[in-house]
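Participant: The structure follows.
The values are calculated or read from the model by the stated rules, or taken from the named source; none is laboratory data. No experiment lies behind these values; they were computed from the predicted model shown. All Cβ positions, even for glycine, are placed from backbone atoms using ideal geometry, and neighbour counts span all protein chains on display.
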Amino acid sequence: MTQKSTDLKTLSASLGAIAKPEERELALKLEEHAAIQAELAERELKAEDLRAELGAFEKQYLHHVGTLYAELDELKAQIAARRAEANPSDQKAKSFACDARTRAEETKASAGEKSDVAPRSFEATLEMKRLYREVAKRIHPDLASEAADRSRREVLMAEANGAYESGDETRLTKILTGYEHSPEAVKGDGAGADLVRVIRRISQAQARVVELDAETAKLLQSDLYKLKAHLDEAKALGRDVLSEMAAKVAEQIARAKSQLDKVTAMR
Amino acid sequence: METIEKPAAGGIVVRKNGAQGLAVRSAALIRRGIEDLSRESNWTRKPAFVGKASKVALSSHGNVCAISAETRGTAPRVTIYDLHNSFGQMALAVPGETPALAKHLPASFAWSRTGSYLAGAWAAWQPAIHVFDLDGKEFTGAFGKFQKLPSHVAWSPDSVYIAAATIGGKSASLRLWASGLRGAPPMEDAPLAQAGLPDWLERQTYEAEFGEEGAFHGYGNTVFSPDGKRIASVVEIQGEWADDAILIAEVPWLRRVQSFQAQGHVSDLTWLAGGDALVYCAASRAYRLDFEPLESQQLPFDAEFCVAHPTLPLLACYTSWQQDSAKGHLFIADLRTNTRYDECEADGVVEIRWSEDGAKTYAVSKDGMAYIYEPDFL
């Protein structure tokens, strides 16, 4: 257990024994804050898991299949160009060639360059998940009550997301301990100010939970998720659908190459 | 380059690559993968129009011209439907058009090769051929005077000529007009050439066997050769057991070059890409007809409709009957190997057309179901 959460519990327990109404209210709000803090961390973890899984899957898809589509569309553009060159008076052929070239460029831009190393799928260890939860509880921007602290938390949270997606446990630990030992982590200006701060934090955290739910729902409805879900189901049955898709496009590429040879030979 | 996007107050902390999120950038490729994954065959089917139409015409861009009649309480209209856009439809109107009171009036339509022009005749219009410029979305004009509406209309590949075939026994004819488009002479009511009663045709007498005589009924399905220099037209002979003939004539004079007696009634005919042969369907069978020497050869598949690929030795065919199947079939036939492949169950198909570049085939049934054949690569 961290120093800060011990302090909060001690504060909450000692406040409960004190008779002042704002202090009793602060004790109740601190308990509520602790609960929403835990819930927010859990939701943030789930959303980040989903983002990271889909991001990694997207990279794999583009690496294995997307780049093949780019190669196929490039061949189709070349075939259309050869046909247009062979029939210079055919305006339709010219138009087909122009459309095919545009499509090839679009596909190439979408697929990106193929890297030498195949991207891996995302898998977080239990320790990574635990660390991420702690980070979200401690440094989530929506748990800040001052503008300067919030800005700092936003940067740190983005760094934490990056560390989580890349599976960098050391970096995640460093972000957490770095913030815990920073001067911004030290609080306290009396019960009244603490109460206002806690109420604001709870409100921000609740709003963020709603946002996360909406974002997660949107991701779950995306084509990317549907494709991944389909591939995961097939994988459970022993099928590697990503490879099957790549093989299908590779067949089309082979046919396109043969067609390009024929069209070129006819010139 | 990887960037960190700072959110507005209360916003989401999201990492993005470059200016555009990956999920957005790759959306089209993801959709393409999903479509390819779910595609079990190279055929897709989709409703083109509501109701039934005995006469439809398909363009090389996937536009269907049909008489839409089927919203209760509304008069039938000639309507263009776009197979690639469910919401794309356009009703055609001509000057002096009166609301059609009956459904299924005689009609005949044909698209030009590029899909830019449509020519047609409909019993609710004046008895003439009406021409529309679909690119310019305008009615170009009408020509010809018909006692009986044409049973078939055809465009020459360069859109310069329009041919119309009519039935009606001794008054039947095959006529050719200049379209008035693309530098052609202006439209006139009088045709450039006309073929009437085929005096070259032998009278068919089957009295001994079937107690009926085959008599000249008129001209039917008509198609120009790929180079536009010849025209092939079915010479229809009346009588259940009669044999139709095929007339090959020169354009624009309609002088007979060759003729051929088929076996049975010819339901469709198409020129092969090189123009040195055609394929016709008679009595539900497919035949190849070579011109030099004039020789017919039965192909090893049944078909009632067939359309040749614009450049490759392929046919897109439809047969309503197939052994061990209650349904009709669309399929592709490879004339190099005389084999059929890429079959698709389909009923009531009345028109088939290849796209201009030969990458797709469109087919449509009389009840408005459209079939699109789009192989990975041809």
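Participant: Filtering the stretch A:207-245 down to residues that are more than 10 Å from chain B (Cβ to nearest Cβ), touching a residue at least 24 places away in the same chain (Cβ under 8 Å) and over 15 Å from the mean Cα position of the chain (by Cα), which residue is surrounded by the fewest Cβ atoms within 10 Å (Cβ to Cβ)?
Facilitator: Only one residue tops the list, namely A:S243.
Participant: While we're here: Take the stretch A:246-263 and flag every residue that is under 20 Å from B:R32 (Cα atoms) and either in contact (Cβ under 8 Å) with a residue 12 or more places away in the chain or facing chain B (nearest Cβ under 8 Å) (or both).
Facilitator: Hits for the stretch A:246-263 are A:A246, A:K248, A:V249, A:A250, A:E251, A:Q252, A:I253, A:R255, A:A256.
Participant: Another one. Are any residues in the stretch B:254-289 over 21 Å from the mean Cα position of the chain (by Cα), in a strand (DSSP E or B) and closer than 25 Å to B:Y161 by Cβ, and if so, which ones?
Facilitator: Across the stretch B:254-289, the qualifying residues are B:R256, B:V257, B:Q258, B:S259, B:F260.
Participant: State the number of residues belonging to the stretch A:37-64 that are crowded, with 17+ Cβ neighbours inside 10 Å, in contact with a Lys or Arg (Cβ under 8 Å, 6 or more places away or on another chain) and aliphatic (A, V, I, L, M).
Facilitator: The qualifying residues number 5.
Participant: Which one of B:I67, B:I30 is within 14 Å of another protein chain (Cβ to nearest Cβ), at pLDDT 80 or above and crowded, with 21+ Cβ neighbours inside 10 Å? If you could, list the steps in order and put the result at the bottom.
Facilitator: Numbers: B:I67 fails: within 14 Å of another protein chain (Cβ to nearest Cβ).
Just a single option satisfies the conditions, and that option is B:I30.
Matching residues to (1) out of contact with any Ser or Thr (no Cβ under 9 Å at 6 or more places or on another chain); (2) at pLDDT below 85:
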residue: B:G328; (1), (2): no, no
residue: B:A333; (1), (2): no, no
residue: B:Y341; (1), (2): yes, no
residue: B:E345; (1), (2): no, no
residue: B:W354; (1), (2): no, no
residue: B:D357; (1), (2): no, yes
residue: B:D367; (1), (2): yes, no
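Participant: Could I ask something else about it? Go through the stretch B:112-158 and give me each residue that's touching a Lys or Arg at 6+ places or on another chain (Cβ under 8 Å), under 17 Å from B:T222 (Cβ atoms) and either assigned to a strand (DSSP E or B) or hydroxyl-bearing (S, T, Y) (or both).
Facilitator: Within the stretch B:112-158, just B:W155 meets the criteria.
Participant: Being assigned to a strand (DSSP E or B) and modelled with pLDDT of 90 or more is the filter here; which residues of the stretch B:179-204 pass it? Break it down into steps so the answer makes sense when it comes.
Facilitator: Residues of the stretch B:179-204 that are assigned to a strand (DSSP E or B), as a first pass: B:193-195, B:204.
Correct list: B:A193, B:Q194, B:A195.
Participant: Which of the residues spanning the stretch A:118-135 are assigned to a loop (DSSP other than H, G, I, E, B) and either within 13 Å of chain B (Cβ to nearest Cβ) or under 16 Å from the mean Cα position of the chain (by Cα) (or both)? It would help to see each step written out before you state the result.
Facilitator: Just the residues of the stretch A:118-135 that are assigned to a loop (DSSP other than H, G, I, E, B), to begin with: A:118-125.
Matches in the stretch A:118-135: A:P119, A:R120, A:S121, A:F122, A:E123, A:A124.
Participant: Checking B:F301 against (1) modelled with pLDDT of 95 or more; (2) in contact with a Lys or Arg (Cβ under 6 Å, 6 or more places away or on another chain); (3) of a type outside the set (G, A, S); (4) farther than 30 Å from A:A93 by Cα, only one condition comes out false. Which one?
Facilitator: (1)
Residue by residue, here is whether (1) away from chain A (no Cβ under 14 Å); (2) modelled with pLDDT of 75 or more holds:
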residue: B:V14; (1), (2): no, no
residue: B:K52; (1), (2): yes, yes
residue: B:R72; (1), (2): yes, no
residue: B:P76; (1), (2): yes, yes
residue: B:D82; (1), (2): yes, yes
residue: B:S112; (1), (2): no, yes
residue: B:A123; (1), (2): yes, yes
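Let's see how each residue does on (1) modelled with pLDDT of 85 or more; (2) outside any helix (DSSP H, G or I):
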position	(1), (2)
A:K108	yes, no
A:K137	no, no
A:D142	no, no
A:D149	no, no
A:E154	yes, no
A:A158	yes, no
A:N161	yes, no
A:G167	no, yes
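Participant: A follow-up question, please. Does the stretch B:205-227 hold any residues that are over 14 Å from B:G274 (Cβ atoms), small (G, A, S) and at pLDDT 50 or above, and which are they?
Facilitator: Correct list: B:G214, B:A215, B:G218, B:G220.
Participant: Name the one entry in A:S12, A:S5 that is part of a helix (DSSP H, G or I), at pLDDT below 85, among the small types (G, A, S) and surrounded by 17 or more Cβ atoms within 10 Å (Cβ to Cβ).
Facilitator: A:S12
Participant: Test of understanding: among B:L272, B:L247, B:L254, which residue is surrounded by 17 or more Cβ atoms within 10 Å (Cβ to Cβ) and on the phi > 0 side of the Ramachandran plot?
Facilitator: Values: B:L272 fails: on the phi > 0 side of the Ramachandran plot; B:L247 fails: on the phi > 0 side of the Ramachandran plot.
Testing whether each residue is surrounded by 17 or more Cβ atoms within 10 Å (Cβ to Cβ) and on the phi > 0 side of the Ramachandran plot leaves just B:L254.
Participant: Here is a list: B:G169, B:G96, B:G144, B:G115. Which entry is over 18 Å from the mean Cα position of the chain (by Cα), crowded, with 16+ Cβ neighbours inside 10 Å and of a type outside the set (S, T, N, Q)?
Facilitator: That would be B:G144, the only listed residue that is over 18 Å from the mean Cα position of the chain (by Cα), crowded, with 16+ Cβ neighbours inside 10 Å and of a type outside the set (S, T, N, Q).
Participant: Follow-up question, since we're still on this one. Return a yes/no flag: does the stretch A:90-113 have any residue that is surrounded by fewer than 19 Cβ atoms within 10 Å (Cβ to Cβ), more than 11 Å from every other protein chain (Cβ to nearest Cβ) and of a type in the set (G, A, S).
Facilitator: No, the stretch A:90-113 contains no residue that is surrounded by fewer than 19 Cβ atoms within 10 Å (Cβ to Cβ), more than 11 Å from every other protein chain (Cβ to nearest Cβ) and of a type in the set (G, A, S).
Participant: Could you please find all residues in the stretch B:331-354 being crowded, with 20+ Cβ neighbours inside 10 Å and without any contact (Cβ under 8 Å) to a residue 40 or more places away in the chain?
Facilitator: Matches in the stretch B:331-354: B:F331, B:R340.
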